[in-house]
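**Student:** Structure in structure tokens, see below.
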Amino acid sequence: VFFAHECKNPHSACLLPDGNVVAVSSTDNKLTLFDTSKYKQGEPCRDFICYQLDFAHGVVWDNQQQMLWGLGMQSIVGYKYNFNKKYPALIRVCSYEVPEVAKCGHDLYPIPNTKYLFLTGTEGIAIFDTQTRKFRDIANVKHIKSISMSKPNGQVIYLKATTRWW
């Protein structure tokens, strides 16, 4: 069990390979790296570093490329992780403007056993190729809040807002 009070309006969290946690929160435009090595169960985590990410909504660890991807308002941002036990940190190494369908990004989801990530936005769904760093629009369905894909049959499920985002 892990908890923290630092994020305002958190949307997504990700476990890093060494057990540290990254969370994104939209109201305060933050990507927060929590150092869990000093964490005491039952108390909020007090060891963290915050990074700016406008309208932060999605975060995914890409084990193949050893990269953390964060989804913001208009971009997907790549961070390298230093794996330093004493001073864990993220280094922003790249940023790509998302296509129009994925603007105002709301979910970032790794497509199982592939190099692709789903991105959802106000106007639809796109796929991001983490190796070529190219996007492809795949659906013009407005206001997708969440997306997922099952294994092994590849069915896609998404949640669409009908009146309000929340």
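The values are calculated or read from the model by the stated rules, or taken from the named source; none is laboratory data. Just so it is clear, the model here is predicted, and its values are computed rather than measured. Cβ sites come from the backbone with ideal geometry, for glycine too, and all protein chains shown count toward neighbours. Quick note on the areas: whole protein, heavy atoms, side chains included, nothing else; ligands and nucleic acids left out. Shrake-Rupley method; radii C 1.70, N 1.55, O 1.52, S 1.80 Å.
**Student:** Against the conditions (1) closer than 26 Å to L33 by Cα; (2) exposed (fewer than 12 other Cβ atoms within 10 Å of the Cβ), where does N140 fall short? Just the number, please.
**Tutor:** Looking at each condition in turn, N140 falls short on (1).
**Student:** Okay, moving on. Here are some conditions: (1) touching a helix residue (DSSP H, G or I) at 6+ places or on another chain (Cβ under 6 Å); (2) open to solvent by less than 10 Å² (accessible area, probe 1.4 Å). E123 meets all but one. Which one does it not meet?
**Tutor:** (2)
**Student:** Hey, could you check region 24-38 for residues that are in contact with a strand residue (DSSP E or B) (Cβ under 9 Å, 6 or more places away or on another chain) and not polar (S, T, N, Q) and say which is surrounded by the fewest Cβ atoms within 10 Å (Cβ to Cβ)?
**Tutor:** Residue satisfying both the conditions and the ranking: D28.
**Student:** From the list C104, C94, which one is surrounded by fewer than 16 Cβ atoms within 10 Å (Cβ to Cβ) and among the hydrophobic types (A, V, I, L, M, F, W, C)?
**Tutor:** On the way: C104 fails: surrounded by fewer than 16 Cβ atoms within 10 Å (Cβ to Cβ).
Exactly one residue qualifies, and that residue is C94.
**Student:** Here is a further query. Restricting the first residue to region 148-162 and requiring it to be free of Cβ contacts under 8 Å to residues at least 40 places away in the same chain and under 16 Å from L119 (Cα atoms), which pairs with a second residue that is charged (D, E, K, R) and in a strand (DSSP E or B) meet a Cβ separation below 7 Å and a spacing of at least six or different chains?
**Tutor:** From residues that are free of Cβ contacts under 8 Å to residues at least 40 places away in the same chain and under 16 Å from L119 (Cα atoms), the pairs are L159/K145; K160/K145; A161/K145.
**Student:** Test R136 against the stated conditions and say whether it is assigned to a strand (DSSP E or B) and more than 17 Å from the chain's Cα centre (by Cα).
**Tutor:** Yes, satisfied.
**Student:** Residue under question is A89, and the condition is that it be surrounded by fewer than 19 Cβ atoms within 10 Å (Cβ to Cβ), aliphatic (A, V, I, L, M) and out of contact with any Lys or Arg (no Cβ under 6 Å at 6 or more places or on another chain); does it hold?
**Tutor:** yes
**Student:** Still on this model: Search region 1-23 for residues that are surrounded by fewer than 19 Cβ atoms within 10 Å (Cβ to Cβ) and modelled with pLDDT under 90 and pair each with any residue that is of a type in the set (D, E) and assigned to a strand (DSSP E or B) when their beta-carbon atoms are under 8 Å apart and the residues are at least 6 apart or on different chains.
**Tutor:** So the pair list comes out empty.
**Student:** Also: Which of the residues spanning region 107-120 are free of Cβ contacts under 8 Å to residues at least 60 places away in the same chain and either within 17 Å of Q74 (Cα to Cα) or surrounded by 23 or more Cβ atoms within 10 Å (Cβ to Cβ) (or both)? Give the steps one after another, and end with the answer.
**Tutor:** Initial filter on region 107-120 (free of Cβ contacts under 8 Å to residues at least 60 places away in the same chain): 109-118, 120.
The answer is Y109, L117, F118, T120.
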